[in-house]
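A short worksheet on the structure shown next.
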Amino acid sequence: MALDKPSTESEATDSAAPDGGAATAPNVLRDGPKPPIAPITVPSQAQDDGGPQGPGAERFRPPRGPNPLAFGLPALVFGGLRVAMEMGVFIPQDFALDGPMVGHTTLALGAAFTVAFAWSLGRRSRSDEEAALVHLAAGETGSPLMLSNAQGRVLYANQAFRSLFQRNAAAEIPNALRFFEQDADSPLTVRRMLAAAASGAKDWAELPFALIGGAKSWWQLAARPAGGPRSGLVCWTARDVTARRELDEVRRAEEAVLADLLDNLPVGFFSVDGTGRMVYANETLCKWLGIRLSDIRDQGLGFAEFVAELMPSDDPDDDGDNGQVILQPRDGLSFKAFLLQSGRTGDSGELLYTRSIVVRDLVKKQPPPETAVVAHPGADEDLSDIARRLYWLFDEAPVAIAMLDMKANITDCNGAFLKMLGLHKDDVQGLPFTERLAKEDRGEVGGQLSKVVMGIMRAAHLDVRMPARGGREITASLYASRMEDGFGEVTGLILHFIDTTEHKHLEVQFAQSQKMQSIGQLAGGIAHDFNNLLTAMIGFSDLLLTRHGPEDPSFNDINQIRQNAVRATSLVRQLLAFSRKQTLEPQIIEPKEKLSELSEVLSRLLGPTIDLNIEHSRDLGAIRVDPTQFDQVILNLAVNARDAMPGGGTLTIRTANLSLDEPVQRGMELVPAGEYVTLDVIDTGEGIRKEDMSRIFEPFFSTKEVGEGTGLGLSTVYGIVHQTGGHVFVDSAPGEGAAFTVCLPRYFEEDAATATAIAETPAETVPDGAPEPELKAEREGIDGDLTGVGTILLVEDEDAVRMFGSRALRNKGYTVLEAANGEEALEVINATDKQIDLIVTDVVMPGMDGHTLVQFVRQEMPDMKVILISGFAENVIPGGIPADSSFHFLPKPFSLKDLAAKVKGVLAE
């Protein structure tokens, strides 16, 4: 890239500055300040300490109030909010009445409606607080939530709040919360919030908490009154703001560095407005003139007040705004200085402000060695010593600086530039600047720099990416301006760089995590609802098949309906895998052995036109993953590579150990320091377009033709790898193939003491485009006599699922009692004279959920057997299932055999 000199015509038009760039500054040396403009003044802006009572005779009779609206209106509003949250719908920030309270508005509003409902049910003694606690528990959605009284006693905290913040369940606020030991301010802040909420006001604060393991995390904690003005109840919610705090900290650090660079330059810098008044001066100039920055604002000082003498210039083109001056500070001796100025004008030509530099004490002294000095024609002898100042401004500057000649070759650069790239001066000097840029940026940067040289633009500011030593990629803000000799001829460009790599990485990582979290919540909600529908479809098909044998003409039609419903379960499982809401069973495996087992399957899957190469490094470490999910990751990546090579090619799977001493950014992924095992899946296919790289892991995104894929293969890989604690990223370009890298934590023997199983039930291996799995009963060959006797309470809010379940269990000989929600289930228990042997309840229901229902029942019937059913995995259902509990779990969708076998097995215990 060569930079051409401007023609005479371009030079003549350069001074017009239509974009409000450089213009002639006011003669602040000869003219004093004009009368100040009147400032524009902006006006300034501002007791029940008990928990739920013990069990009694009225335990399962829901309280009734005289007003039916006390049930209808809160239930409708809370139900709507609940559905919106589970479906991943976000409430706009401007919906909330409190700016910083946005993250808590929906949850707190639902909790407040629920508490108000329980309070209005007509019970005026201990049942008021009990009803509020029951219905607040019903609002668990996985977000941290706690209820206390005005004295700070914790009445209820959901699983999310307990695991994150609660130190001691028996202590009162703030001693119940998990603060850092050195943090003395946070407990005082929480006491203030408690007092405010108890008096009827709302309060919030962003506080650091010590998570399990000692990690520091920032959360926005909010407190507000709940249950009415005299209830004495306080609702606490929390929102994770760690990522934003880190981003703000980086931004503040960068601003502080820039402010320090400007204030502590070894030259004076100031600016005056159109009236001649100084509007800014850096700390260096203020010290020279014996003033403070506040004096400039308060006294309306002008720079001309400090000019004792304007020394004549030998340059006939000088208009008097530049040159040597003698400055007289308020206290002290006068000194010689050199003044350089430029100005910025508005659309109508009026001066907005100047950019002025003052260099003082120009004494004769040899410049430092290797510092080039270009003499200004006709300049005074003292100007030769300006090189001493320029040495500190260039070589010792904390920002990276490079100089280019007219051919865009680097003629000189400072130490900060070399340090930023990790290079020696011999690696860059005399070489084209474009070699230091990423290929994608070279065209745009070259065009912008050419415009600066030709005078079309006074300066250029753009973001660039620059490869650095060690495989790193630097992101920097580039500021380019022209260099001219004493006759105004362009001699090249001077470039200033500010390293913004960490800032950009945080921005990209934060935006990507927010996007993937939103998509994951939506995918999880859809999967949950589809599991309910599939349960009804499979269940009623099973009921029909019991009455229509193989000889019946309708048998094949019914069986086709059932088989397609079973096929649909694989899509739901992949959605749950992406949203990280599936059940995993991690084990210690050797990747080399696992890939050897898969090699035959991979060869059949790839076909005869694609060669398979598997390469292992020596001393390959072990990993701790779910074996079936590991298989699914490899198979999905292999299928994706196969589809990218329709004409054949080579698929290489390469394993290696990786040790990182510091975090490394790869695409959208920031891989922390640590020990890893990497698996590279490399194909020689068509490659991936740049615009598709940021979307390839999104569910249902596919570049294949309609009907040739679900678009869930790579999203399933993303979800499984991240749920396992790893990372996945891709390197590709059109026509150059693609390389997917899966980075999994390496397992060491000392990790065995802290390793814990994630769940009991393994998930199935379903590569995108491969055959779907069968249901549990068919997979395990469950058969035989599934009849039984006993009374079962079935609680399910989905009518179709409840209808199927009750009919299936009655056909097997059981007596079935039905309820549509938790409150109705309590009424059924109180109304029946039969002994209930088993409760089968859905987890997520409007009103009281299944988890809360069972907790209340077991207070009176501690030996009650329970089966929880849910469209989510066992480890992500609201409230969670304690590891030592006797609860049993049946995931949806399930068949008639699944349900009958589970019920018979639990009753037989």
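Residue order by solvent-accessible surface for ASP611, ASP426, ASP837 is ASP426, ASP611, ASP837, largest first, with ligands and nucleic acids left out and a 1.4 Å probe.
Full extension of the chain between PHE335 and LYS407 gives 21.8 nm of extra length, using 0.36 nm per residue less the Cα-Cα distance. Available extension along the chain between HIS548 and ALA739 is 63.6 nm, counting 0.36 nm per residue and deducting the alpha carbon span. Please label the shape of the stretch 429-503 as rounded, prolate or oblate, based on the square roots a ≥ b ≥ c of the eigenvalues of the alpha-carbon gyration tensor (a/c under 1.5 means rounded; beyond that, a/b larger than b/c means prolate, else oblate). Prolate, because a/c is 1.5 or more and a/b exceeds b/c. Based on the alpha-carbon gyration tensor of the stretch 651-690 and its eigenvalue square roots a ≥ b ≥ c, which shape applies: rounded if a/c is under 1.5, prolate if not and a/b is larger than b/c, or oblate? Because a/c hits 1.5 or more and a/b fails to exceed b/c, the stretch 651-690 counts as oblate.
Subtracting the Cα-Cα distance of ARG245 and ALA656 from 0.36 nm times their residue separation leaves 144.4 nm of extension gain. Once the Cβ-Cβ distance between LEU907 and HIS505 is put in as r, and R0 is 60 Å, what FRET efficiency do you end up with, to the nearest 0.05? Approximately 0.60, to the nearest 0.05. Scalar couplings 3J(HN,Hα) for the stretch 651-659, obtained by applying the Karplus form with A = 6.51, B = -1.76, C = 1.60 to θ = phi - 60°, are 10, 10, 10, 10, 10, 6, 8, 9, 10 Hz; x denotes Gly and Pro. Sparsely packed loop sites in the stretch 785-838 (the trypsin sites (Lys or Arg not before Pro) outside DSSP H, G, I, E and B with at most 12 other Cβ atoms within 10 Å) comprise LYS834.
Between amide H atoms placed 1.01 Å from N, distances below 5 Å from ILE610 occur with GLY649, all of them 5 or more places distant or on a separate chain. Distance between the modelled labels on VAL279 and ARG472, one decimal in nanometres: 3.8 nm (7 Å Cα→Cβ projection). From the cross-link list LYS407/LYS451; LYS834/LYS865; LYS425/LYS504; LYS407/LYS504; LYS451/LYS690; LYS419/LYS690, which pairs have alpha carbons spaced over 19 Å apart? Going by Cα-Cα distance, LYS425/LYS504; LYS407/LYS504; LYS451/LYS690; LYS419/LYS690 fall outside the 19 Å limit.
How would you rank 734-746, 430-442, 631-643, highest first, on the average number of other Cβ atoms within 10 Å across their residues?
631-643, 734-746, 430-442
Sorting 392-399, 551-558 by their mean Cβ neighbour count within 10 Å, with the most densely packed peptide first, gives 392-399, 551-558. Looking at the square roots a ≥ b ≥ c of the eigenvalues of the Cα gyration tensor of the stretch 200-273, which shape do they give, rounded for a/c under 1.5, prolate if a/b is larger than b/c, or oblate? Oblate shape, in that a/c is at least 1.5 and b/c is the bigger or equal ratio. Pair-distance distribution P(r) for the stretch 174-314, from all Cα-Cα distances in 5 Å bins starting at 0: 2, 8, 12, 11, 10, 8, 6, 7, 9, 9, 7, 5, 3, 2, 1, 0, 0, 0 percent.
Simple spin-label estimate for SER886 and MET861 gives 1.3 nm between the two label positions (7 Å along the Cα-to-Cβ direction from each Cα). On the basis of the beta-carbon distance and an R0 of 56 Å, THR609 and SER163 show a calculated FRET efficiency of 0.65.
Approximating the spin labels as points 7 Å out from Cα along Cα→Cβ, the ARG810-to-ASP485 distance works out to 10.3 nm. Take each peptide in 790-796, 839-845, count the other Cβ atoms within 10 Å of every residue, and average; sorted highest first, the result is 839-845, 790-796. Charge tally around ASP298: other residues with Cβ under 15 Å, Lys/Arg +1 each, Asp/Glu -1 each, net +2.
Can you pull the percent of the stretch 200-340's accessible area that's carbon plus sulfur, 1.4 Å probe, other chains left in place? Please list the in-between numbers first.
On the way: 3600 of 6830 Å².
Ligands and nucleic acids excluded, carbon and sulfur give 53 percent.
Counted by Cβ distance under 11 Å from GLU798, the other residues give a net charge of -3, where Lys and Arg count +1 and Asp and Glu count -1.
The values are calculated or read from the model by the stated rules, or taken from the named source; none is laboratory data. All figures in this text were calculated on a predicted structure; none of them were measured in a lab. We place every Cβ from the backbone using ideal geometry, glycine too, and count neighbours over all the protein chains shown. What goes into the accessible areas is simple: the full protein's heavy atoms, side chains included, and nothing from ligands, DNA or RNA. Shrake-Rupley method; radii C 1.70, N 1.55, O 1.52, S 1.80 Å.
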